[in-house]
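Novice: Handing you a structure now.
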Amino acid sequence: MRTVLPEDLEDLSGFWRTIDGIGLGKGDDPESLLRFIRRNPTTCFLIRDEGQVVGSVLGGFDGRRGYVYHLAVCPEKRRQGLGRMLMDTVCRELEKQGAHKIHLFVLNDNLDVVGFYRRLGWKERTDIQVMSSDRNLITQD
Ligand SMILES: CC(C)(COP(=O)(O)OP(=O)(O)OC[C@H]1O[C@@H](n2cnc3c(N)ncnc32)[C@H](O)[C@@H]1OP(=O)(O)O)[C@@H](O)C(=O)NCCC(=O)NCCS
């Protein structure tokens, strides 16, 4: 396992497209991903096996909370401890940055994965409703 470098991004995008449960959207174009790993150079990780990406996780720290995105292990390598290793590593590094609390989002059509997070000690929140805005906040004349 090592931190993600700019030259990994194309392979990572290809890997995520093969994984059910990873929601790709705004923020996953090459420019946005590059910005994300530049802002979070020590908290994004991948695992390669014989050159192929087989696991990934992106961690971001906003100065207050940590966020985990795009945790994935290829189907052939699951249930061998890689997901736990990726989560342990990203959480440790986010905590080193100062993140005292870390959040992640699970898509409603991917609730099978909740058992995995519970196994690692994560708790579901019933007191929070996620709200999002994707307005274009930069006005152009
Ligand atoms: C979630 C995911 C990364 C787990 O990876 P993994 O390498 O199989 O996980 P691990 O082998 O490290 O499992 C750690 C523990 O969780 C358990 N576990 C793994 N998947 C589980 C599941 N779906 N439900 C319940 N428990 C699960 C394992 O049995 C193991 O338990 P143990 O500690 O008793 O041995 C993988 O299933 C995946 O890539 N899923 C698709 C992408 C995805 O949904 N990502 C999350 C987006 S929010």
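Novice: Would you mind working out the accessible area per residue for the stretch 2-119, using a 1.4 Å probe, and quoting it in Å²?
Specialist: Normalised by residue count, the accessible surface of the stretch 2-119 is 62 Å².
Novice: Given the whole protein assembly as supplied and a 1.4 Å probe, what does the accessible area of Asp11 come to in Å², nearest 10?
Specialist: Ignoring ligands and nucleic acids, Asp11 comes out at about 80 Å².
Novice: Which is farthest toward the positive dipole end of the chain among Phe116, Leu24, Phe45, measuring Cα position about the Cα centre, with Cβ charges +1 (Lys, Arg) and -1 (Asp, Glu)?
Specialist: The one lying farthest along the dipole's positive direction is Phe116.
Novice: Right, something else. With springs only between Cα atoms under 10 Å apart, run a GNM on the chain and tell me which of Leu33, Leu120, Leu94 wobbles the most.
Specialist: Leu120
Novice: Where the centroid of each part is defined by its Cα atoms, how far is the stretch 74-90 from the stretch 1-49 in Å?
Specialist: 16
Novice: Relative contact order for the stretch 2-119: what is it in percent, counting Cα pairs under 8 Å that are at least 6 residues apart? Each step should come with its number before you reach the end.
Specialist: On the way: 159 pairs, mean separation 27.3, N = 118.
With pairs under 8 Å counted, the relative contact order is 23 percent.
Novice: Semi-axes of the equivalent ellipsoid for the stretch 28-94, please: Cα gyration tensor eigenvalues, times 5, square-rooted, ordered largest first, whole Å.
Specialist: 21, 15, 9
Novice: How much of the accessible area of the stretch 2-119, in percent, comes from carbon and sulfur atoms when a 1.4 Å probe is used?
Specialist: Taking all protein chains in place, the stretch 2-119 shows 46 percent carbon and sulfur surface.
Novice: About its Cα centre, how strong a charge dipole does the chain have in debye, to the nearest 20, once Lys and Arg get +1 and Asp and Glu get -1 at the Cβ?
Specialist: The calculation lands at about 700 debye.
Novice: Let me ask something else about it. Which of Phe105, Phe36, Phe61 moves most in a GNM of the chain, Cα contacts under 10 Å?
Specialist: Ranking Phe105, Phe36, Phe61 by mean-square fluctuation puts Phe105 first.
Novice: Just the Kirkwood number for the chain, please: inverse of mean 1/r across all distinct Cα pairs, in Å, one decimal. Walk me through the numbers on the way to the answer.
Specialist: Details: mean 1/r = 0.0625 Å⁻¹.
Across the chain, the inverse of the average 1/r is 16.0 Å.
The values are calculated or read from the model by the stated rules, or taken from the named source; none is laboratory data. Values in this document were obtained by computation on a predicted structure and should not be read as measured data. Neighbour counts are summed over all protein chains in view; Cβ atoms, including those assigned to glycine, are modelled from backbone coordinates with ideal geometry. Accessible surface is based on the protein model in full, side chains and every heavy atom, while ligands, DNA and RNA are left aside. Shrake-Rupley method; radii C 1.70, N 1.55, O 1.52, S 1.80 Å.
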